[in-house]
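Rule-based calculations on the coordinates, nothing more; no lab input. None of these values were measured; they are calculated from a predicted model. Backbone-built Cβ (ideal geometry, glycine too); neighbour counts: all protein chains shown.
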Amino acid sequence: MSSFVTGQIIEARCSRCKDITGHVVMACLDGMPVKVECRACGSVHKYVAPEAQARPKVEKTVRVKAGHNRAEAVDATVRAEKRAAAPRPSREQQQLARRAEENEHRWTSLVAGRAATPVPYSMNGTFAVNTLVDHPVFGTGAVVELLPPDKMDVMFKEGVKRLRCVCE
Ligand SMILES: [Zn+2]
């Protein structure tokens, strides 16, 4: 590993020039330049290695929110970065997508093609398993399970919703 000395002229990335320019090393720490002066524009700034473009983060800025300690804040930052750095859907997302697809298949087999006219959904209504209900938000669904005394699971296109009803 090469060592740098104060006064040395090196190439570094200049944030003002937005380019790699010659810089005079102003201060070093452990043989690494920490402060440099751009010979092109004269600005004095932190040293940024010329190859840093591919990995632009030399230093992490961590905002510590009230009520959070620094460790938690760093952790949150790292997690946020991981999320940002993963364009591929996670296994969790893939599972969700698969489940959504299965849901839709199940919904289609339960609801679509049924001749029955859906019954408008009402919290005070009484429904039987397999009844088609028409919900103002979720659309048409099929009752899959009654949960006495006052709930039922209804399969809608977007998934099973637990709704209020009157069970008999
Ligand atoms: Zn410059």
Please state the shape class of the range 116-164: rounded when a/c is under 1.5, otherwise prolate if a/b exceeds b/c and oblate if not, all from the C-alpha gyration tensor.
rounded
What nm value, rounded to one decimal, do you get for the distance between residue 80 and residue 43 when each label is placed 7 Å out toward the C-beta?
2.4
Cβ-derived FRET efficiency at R0 41 Å, residue 129 paired with residue 19, nearest 0.05:
0.05
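Can you tell me how the range 9-53 classifies by the Cα gyration tensor, rounded, prolate or oblate, using a/c under 1.5 as the rounded cut? Walk me through the numbers on the way to the answer.
Details: a/c = 1.93, a/b = 1.33, b/c = 1.46.
Oblate is the answer for the range 9-53, as a/c is 1.5 or above yet b/c matches or exceeds a/b.
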Which cross-chain or sequence-distant (5 or more) residues have an amide H under 5 Å from the amide H of residue 125, H modelled 1.01 Å from N in plane?
166
